[in-house]
Amino acid sequence: MTLAATAGLLAAGPAPVAATETHGFLSPTGVEIAFLLVGLVTFGAALVTVTTRQLVHAALWLVVTLGGLAVEYLLLTAEFIAWVQVLIYVGSVVVLLLFGLMLTRAPIGRSPDADSGNRWAALAVAVAAAGTLIWVVVDAFRTTWIDLDGPAAGSTKATGESLFQNWVLPFEALSVLLLAALVGAIVLSRKAKAESDSPSVNSRPVTGSSPSVPDSRNHPIGRNGSAEGTEPSEQEGAR
Amino acid sequence: MHLAYPAVLSALLFCTGLYGVLARRNAILVLMSVELMLNAVNLNLVAFDVWLSKTAEETLHSGQALTLFTITIAAAEIGIGLAIVLAVYRNRGTSDIDKLRDTAESHDTDGPDRDALTAPQAEKAEATA
């Protein structure tokens, strides 16, 4: 069906192009300006997320990035996706990440070891990939316009109808996948809990040995070393 | 709206996430960068779905359905990933992915990280003792 629709697009190609000739390439509409401004905020927040040295601040800047993306979805008239984004990403994934940072005793404040030594190679790879992708994408879709007028393409009604008419089987399979992920996370945590007697005893010599290693990257363990032996059991009991 | 705006923003976000995955040392920060890359793909899917649903009158809304599926899979991935990171942290006392080198082939090839290599070996030796 998609192929047929694409063939229809190819057959009727000249007509929409002629209809959209009124768009000027360098005279952006209000939606485009709003998209550009929110996109700048989103991209800046993403850059801060991957470059900041304060781990908790990275998670908080990730909230700005994901919220900006939700606004972009709203500007693209995909409102249901936008609210799902706010609920799941901003609401639960970031909270999970913050809990993960807390449980792994991420240092509060600046940590000099947030970036690894291959930062410049990573920067080169990322810049090369960005250049290639942007060149290809801009060149491919130079004369393509999204028509945002008319009924919203991503309203809850449209999304729900398509989801429960055409995508029921993947939807149900996905619920099974979520159940499997839930059980998997519980099993991963419980296995460590069953063995928590020996590792919590073992963690004492580990932290005791860390001051002997003159490595600044060890300092989160070394600083919290005194509480190391007692708190994992409390965490597991609370969980 | 010109289609290049969301496409370029998506490419930029993807490459930001790529840099984060390659350059970060903490495992949870790597997971955050993976989330950035997944979100870039989601933005692409939504933009192309809106374009095709108007231009080609495509009624399946496959882009939005796939976006919902991606969001769900990302939520499952972050749950499992954090459980694994927490298990590793409980066993090793660190979530630093540069120090998890048990499956590295040869320890002699990388010179500047040699001091980082001794720490897990010392920890392992004491854990087995």
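Yes or no, residue by residue, for (1) within 7 Å of chain B (Cβ to nearest Cβ); (2) surrounded by 19 or more Cβ atoms within 10 Å (Cβ to Cβ); (3) within 19 Å of the chain's Cα centre (by Cα); (4) closer than 29 Å to B:Leu52 by Cβ:
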residue	(1), (2), (3), (4)
A:Ile81	yes, yes, yes, yes
A:Val90	no, no, yes, yes
A:Phe99	no, no, yes, no
A:Arg105	no, no, no, no
A:Gly117	yes, no, no, no
A:Trp120	no, no, no, no
A:Ala128	no, no, no, no
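What do you reckon, is B:Val41 in contact with a Leu (Cβ under 7 Å, 6 or more places away or on another chain), assigned by TED's automatic domain parsing to the domain that holds B:Ile84 and over 22 Å from A:Gln54 (Cα atoms)?
In short, no.
Would you mind stating whether B:Met32 is more than 7 Å from every other protein chain (Cβ to nearest Cβ), assigned to a helix (DSSP H, G or I) and not hydroxyl-bearing (Ser, Thr, Tyr)?
Numbers: more than 7 Å from every other protein chain (Cβ to nearest Cβ): no; assigned to a helix (DSSP H, G or I): yes; not hydroxyl-bearing (Ser, Thr, Tyr): yes.
It is false that B:Met32 is more than 7 Å from every other protein chain (Cβ to nearest Cβ), assigned to a helix (DSSP H, G or I) and not hydroxyl-bearing (Ser, Thr, Tyr).
Which residues, taken from the stretch B:1-22, are touching a Lys or Arg at 6+ places or on another chain (Cβ under 9 Å) and closer than 20 Å to A:Gly117 by Cβ?
B:Tyr19, B:Leu22
More than 7 Å from chain A (Cβ to nearest Cβ), more than 23 Å from A:Ala158 (Cα to Cα) and of a type in the set (Val, Ile, Thr): which single residue out of B:Val21, B:Val41 fits that description?
Details: B:Val41 fails: more than 23 Å from A:Ala158 (Cα to Cα).
One residue alone meets the criteria, B:Val21.
I need a count of the residues in the stretch B:75-98 that are among the basic types (Lys, Arg) and surrounded by fewer than 21 Cβ atoms within 10 Å (Cβ to Cβ). Break it down into steps so the answer makes sense when it comes.
Applying the first criterion (among the basic types (Lys, Arg)) to the stretch B:75-98 yields B:90, B:92.
With the extra rule that they be surrounded by fewer than 21 Cβ atoms within 10 Å (Cβ to Cβ), the set shrinks to none.
Of the residues in that region, 0 qualify.
Being charged (D, E, K, R) and more than 30 Å from A:Pro28 (Cβ to Cβ) is the filter; apply it to the stretch A:139-178 and report the residue that is farthest from the other protein chains (Cβ to nearest Cβ). If you could, list the steps in order and put the result at the bottom.
Initially, the stretch A:139-178 is screened for residues charged (D, E, K, R), giving A:139, A:142, A:147, A:149, A:157, A:161, A:172.
Restricting the remaining residues to those that are more than 30 Å from A:Pro28 (Cβ to Cβ) gives A:161, A:172.
Working: A:Glu161: 8, A:Glu172: 12 Å.
Among residues in the stretch A:139-178 that are charged (D, E, K, R) and more than 30 Å from A:Pro28 (Cβ to Cβ), the one farthest from the other protein chains (Cβ to nearest Cβ) is A:Glu172.
Quick check on A:Val17: is it more than 7 Å from chain B (Cβ to nearest Cβ), modelled with pLDDT of 90 or more and in a helix (DSSP H, G or I)? Working first, answer last.
Working: more than 7 Å from chain B (Cβ to nearest Cβ): yes; modelled with pLDDT of 90 or more: no; in a helix (DSSP H, G or I): yes.
It is false that A:Val17 is more than 7 Å from chain B (Cβ to nearest Cβ), modelled with pLDDT of 90 or more and in a helix (DSSP H, G or I).
What is the residue count in the stretch A:130-163 for residues that are of a type in the set (Phe, Trp, Tyr) and surrounded by fewer than 18 Cβ atoms within 10 Å (Cβ to Cβ)?
1
The values are calculated or read from the model by the stated rules, or taken from the named source; none is laboratory data. Everything numeric here is computed off the predicted structure, so don't read it as measured data. Because the Cβ atoms are built from the backbone with ideal geometry, glycine has one as well, and the counts that use them run over all protein chains shown.
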